Amino acid sequence: MTNRAHTPNGHGTEGLLYEEPTLFEQSAKGRKGICLGKADVPEMKMGEEFGSLVRDKAPDLPELAEVDVVRHFTRLSIQNYSKDLGFYPLGSCTMKHNPRIANKAAAMPGFTDTHPYQPADSVQGNLELCYELENMLAKISGMDSVTLWPAAGSHGELTGMLMIRAYHTSKGNPRSKVLIPDSAHGTNPASAAICHYKVQSIKSGPDGLLDPSAVEEAMDEEVAAIMITNPNTLGIFEENFKKVADIVHSKGGLVYLDGANLNALMGYVKPGEIGADVMHFNLHKTFGTPHGGGGPGAGPVGVVKELSPFLPLPRINKNEDHYNISYNSDTSIGRINTFFGNFAVLVRAYTYIRELGATGLKEATEMAVLNANYIRARLSGTFNLPYDKPVLHECVFNDKIQNEFGVKTLDIAKRLMDYGFHPPTVYFPLIVSGAIMIEPTETECKSILDDFCDAMIAIAKECEKDPDLVKTAPHHPFRRRIDEVKAAKEMCLKD
Amino acid sequence: MRYLPHTEDEIQQMLQTIGATDVESLFKSIPTEFRSKSNIDIGDGCSELELTEHLEELTLRNSCSSDFASFLGAGAYRHYIPAVVSELASRSEFVTPYTPYQPEISQGTLQVLFEYQSMIARLFGMDVSNASHYSGATACADAALMARRIGKKRHKIILPDNLHPEYREVLATTLGVDGLTVIPSKDGCLDKSKIMKHLGEDVAAVIVQYPNFFGIVEDMSEIATSTHNAGALLISVTPEPLSLGILNHPGQWDADIAVGEGLSFGLPVSFGGPTLGIFTTKNKFVRQMPGRICGKTVDVDGKGSYTLTLSTREQHIRRERATSNICSNQALCATTAAIYLASLGKQGIRELSLRNASNAAYAKRVLASVNGVTLPFNSATFNEFVIKTNKPAADVIQALENELILGGVDLGRWFSNMNDHILVCCTELNSKKEIDSYASILTEILS
């Protein structure tokens, strides 16, 4: 450690890079960050009421003043790369700009100060919003009805697969298997497994697409459903979707569409019209709600009318201009979450869809596809395209060319940080060795895409000329390469 | 459209680079017969001003807490949110990143999650916490699935009916009713002897709620011992973890998995969501735990660093053999909870917890003195309690609403023999004046 400015308690900085001690390291006995004010009722005598159930020592939380809390979290916040800071081309994640009006809407006291057990008469605004959002999602997707309550995409998958199981059970046999292409998200097989289905993996064809003959071969009357992502995780439209759907339907199976990539389809394809029976939406991807460092999102599920009876509870109904809530149904799979799901996320998505309208959504899809194709065109040749087919909203390269210089995808990803970019998704889909999966989204302009592509091309040159520079990256961010093996081995999971 | 920065010139230049004539042609990989014949039938978009007016109009069709004196709780507790919490948690550096897959440029979120895990583990008295689940109810369901994995051939899950009814419903939906045994409570408490009768070799776990759905604080040591003696796991569920400011923590009675709902920690009730699923367990079960976990490590320069870890449990690696299907979680809610808990601190959480209990104790005493009200259960309660009225609960609640009081939750909704029982909640937001006025209006209604 040379030339480093040091202060004994860690409050000093090196430039503007703050080394921030933990909350616990900053704790000082007797400090408080809140003041409760005087009680107007007598203080309960804990010992008399709870006896031996009284906690013997106060919970060992840190003791800090408000200013400590403010500085701590402000300093930590600036150690993050974020969408608001720049380009965030994570494939499959649809990191588009998060409109501010949606945050303002979600924070309106008329929404935030409502309780789930208020009488339905007193929450007509909430119910109308939910009812209309269900309708709009149905219109966008061509599905007949929608539930809003799943808290995330994979929670939506679970909900959808539970409905599929309920549907087959109502026909006399829940069936035992689910077909899933090897290019699928890991959540697909994990969700199917919770519903007690055996997962049968379907190998993608040489063109990266679902091969109808492989589906035909695997298909029998024990198959409950096939789970398909379309466009698939290579960004390629599954042109045999309908053929595959017909094969599955002919044996009584259902088609589950993973809607993670709906941003490629709005205004062009309605999955309900081409054979999907169940699909989930990722409101935090397609409809611009913030990702929050991992959540909360929301994963509504749409179904065709044959599956509507199985939708989870509660259901919101409209009777003339009045909305009511039904909590009971003989056929429903039941509740999949408490209350009304991640309601504030629903408010944000509703706001987004209302602002864009039909035309805006279609334009968003068009510009997302334009951006992905532009990046693909600019980086082809410099990076290897394992599947050379036209793409929609994202494109997948790999590190085959750079492997010759001993450089791997992970190195390229880390080096991108030195150029000020968040790396793309790496090592996914699993069918591509060393995958680099780039999804720019529609909210980025040409000059940003150019800077990103220039950085990628510069890194490719570095791989040839100075591979060690890339292999030891990142050099400039807040932390250099982090030892993930040590973390897993030593398991220090709390202070 | 204002979220699309492209100029017409740029679009043309980009198309030229791509070698395409127009944007439409980029969609030619979609066979024509798949193209939707009709536009999306949701009408035109609107301006931000129009949108704001529309949203305000929607909120006007809601009545919110400020219009009422509210005594609603039942798993969604209203609390004062210090200004510092909402302001810090809405910093876009926390709001707009993805899951911190690239730790070198995500140390902020990662350190916050590490501190969240640390504070939650300390509060619950457990070895380890994950970085969040969706909600208390989904955490409870995933805990039951985890107990079945650990129990191998053990399949049965025992739960009392004083576990939140919506949590019970989520359990039934997720696990299926087969193997779920619901034991009716006795005087609002666990029927321990009945539970013990069911504790055979096929039991994977016993689930208990602490404090329970009726607000009662039960001593769990005995049931914990019996459960462990039978070789099963004890899962503890705490929808109001603020209670742990003054009450014994689940670690003290040796819970194997302790879950909870973190909505009380700085999040607005917001019609019930987003919630925050709290998930903690013992070290020996950490590899069976669902969800993201943040761990401490170093970078190549030896600087202390944080990263997501133990990911071989997770769906993106292990697919159908993963410990859970969870991917997106409630990270921003965990961030909010971390800021809230850091603000409260060691003394603050105790004081606030006691304030909630004191307000509820006062309300319980005052309401119990109203003619026509009795207390069906006589056990100690934290922030909630049940009253029995001499008129149907639904009518009483409606009459109270007419006087701008949301008097509580009608328990007849879930318990067919409790149509004259109301679950009443008090937090620091309920003043003495509000409570006194509830009592006097209730006196009129019941006379």
Within region B:115-130, tally of residues that are within 7 Å of chain A (Cβ to nearest Cβ) and either in contact with a Gly (Cβ under 7 Å, 6 or more places away or on another chain) or part of a helix (DSSP H, G or I) (or both): 7
Residue ranges of helices (runs of 4 or more DSSP H) in region A:20-98 with at least 2 members at negative phi and among the charged types (D, E, K, R): A:46-50, A:66-77
Meets criteria (within 7 Å of chain B (Cβ to nearest Cβ), surrounded by 23 or more Cβ atoms within 10 Å (Cβ to Cβ) and in contact with a helix residue (DSSP H, G or I) (Cβ under 9 Å, 6 or more places away or on another chain)) for A:Gly110: no
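Filter region B:35-78 down to the residues that are of a type in the set (S, T, N, Q) and outside any loop (DSSP other than H, G, I, E, B), then identify the one that is nearest to the other protein chains (Cβ to nearest Cβ).
Our first condition is that a residue be of a type in the set (S, T, N, Q); within region B:35-78, this holds for B:36, B:38-39, B:47, B:52, B:59, B:62-63, B:65-66, B:70.
With outside any loop (DSSP other than H, G, I, E, B) added as a condition, the list becomes B:52, B:59, B:62, B:65-66, B:70.
On the way: B:Thr52: 7, B:Thr59: 2, B:Asn62: 4, B:Ser65: 4, B:Ser66: 6, B:Ser70: 6 Å.
Across region B:35-78, the extreme among qualifying residues is B:Thr59.
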Enumeration of residues in region B:362-396 that are surrounded by fewer than 23 Cβ atoms within 10 Å (Cβ to Cβ), aliphatic (A, V, I, L, M) and over 24 Å from the mean Cα position of the chain (by Cα): B:Val366, B:Ala368, B:Val370, B:Val373, B:Leu375, B:Ala394
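Which of the residues spanning region A:135-176 are part of a helix (DSSP H, G or I) and away from chain B (no Cβ under 12 Å)?
We begin by selecting, within region A:135-176, every residue part of a helix (DSSP H, G or I); these are A:135-141, A:153-170.
Once the filter is applied, which keeps residues that are part of a helix (DSSP H, G or I) and away from chain B (no Cβ under 12 Å), region A:135-176 yields A:Ile164, A:Tyr167, A:His168, A:Ser170.
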Filter result (in contact with a helix residue (DSSP H, G or I) (Cβ under 6 Å, 6 or more places away or on another chain), farther than 30 Å from B:Asn62 by Cβ and more than 9 Å from chain A (Cβ to nearest Cβ)) within region B:354-389: B:Gly372, B:Leu375
The one condition in (1) charged (D, E, K, R); (2) in a loop (DSSP other than H, G, I, E, B); (3) more than 7 Å from every other protein chain (Cβ to nearest Cβ) that B:Asp301 fails to fulfil: (3)
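Might you let me know whether region B:141-164 holds any residue that is closer than 27 Å to B:Val386 by Cβ, more than 11 Å from every other protein chain (Cβ to nearest Cβ), under 18 Å from the mean Cα position of the chain (by Cα) and not hydrophobic (A, V, I, L, M, F, W, C)?
Residues of region B:141-164 that are closer than 27 Å to B:Val386 by Cβ, as a first pass: B:141, B:143-144, B:157-164.
Within this subset, residues satisfying the condition of being more than 11 Å from every other protein chain (Cβ to nearest Cβ) are B:143-144, B:157-163.
Next cut, under 18 Å from the mean Cα position of the chain (by Cα) only: B:143-144, B:162-163.
Add one more test, that the residue is not hydrophobic (A, V, I, L, M, F, W, C), and what stays is B:162.
Scanning region B:141-164, I find at least one residue that is closer than 27 Å to B:Val386 by Cβ, more than 11 Å from every other protein chain (Cβ to nearest Cβ), under 18 Å from the mean Cα position of the chain (by Cα) and not hydrophobic (A, V, I, L, M, F, W, C), so the answer is yes.
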Within region A:377-408, tally of residues that are in a helix (DSSP H, G or I) and surrounded by fewer than 24 Cβ atoms within 10 Å (Cβ to Cβ): 6
Evaluation of A:Tyr419 against (1) surrounded by fewer than 22 Cβ atoms within 10 Å (Cβ to Cβ); (2) facing chain B (nearest Cβ under 9 Å) (one fails), failing number: (2)
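Being basic (Lys, Arg) and under 32 Å from the mean Cα position of the chain (by Cα) is the filter here; which residues of region B:18-77 pass it?
Filtering region B:18-77 for residues basic (Lys, Arg) gives B:28, B:35, B:37, B:61.
Scanning region B:18-77 gives a single hit, B:Arg61.
Yes/no matrix, rows are residues, columns are (1) more than 12 Å from chain B (Cβ to nearest Cβ); (2) surrounded by fewer than 24 Cβ atoms within 10 Å (Cβ to Cβ); (3) modelled with pLDDT of 95 or more; (4) part of a helix (DSSP H, G or I):
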| residue | (1), (2), (3), (4) |
| --- | --- |
| A:Gly252 | yes, yes, yes, no |
| A:Tyr268 | no, yes, yes, no |
| A:Pro290 | no, no, yes, no |
| A:Gly293 | no, no, yes, no |
| A:Lys318 | yes, yes, yes, no |
| A:Asn337 | no, no, yes, no |
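Name the single residue, out of those in region A:177-212 being assigned to a strand (DSSP E or B) and basic (Lys, Arg), that is surrounded by the fewest Cβ atoms within 10 Å (Cβ to Cβ). Full working, then the answer.
Going through region A:177-212, the residues assigned to a strand (DSSP E or B) turn out to be A:177-181, A:198-202.
Imposing the further condition that a residue be basic (Lys, Arg) reduces the set to A:177, A:198.
Numbers: A:Lys177: 20, A:Lys198: 15.
In this case the residue turns out to be A:Lys198.
The values are calculated or read from the model by the stated rules, or taken from the named source; none is laboratory data. Please read all numbers here as calculations on a predicted model, not as lab measurements. In this analysis, Cβ positions are derived from the backbone assuming ideal geometry, glycine residues included, and neighbour counts consider all displayed protein chains.
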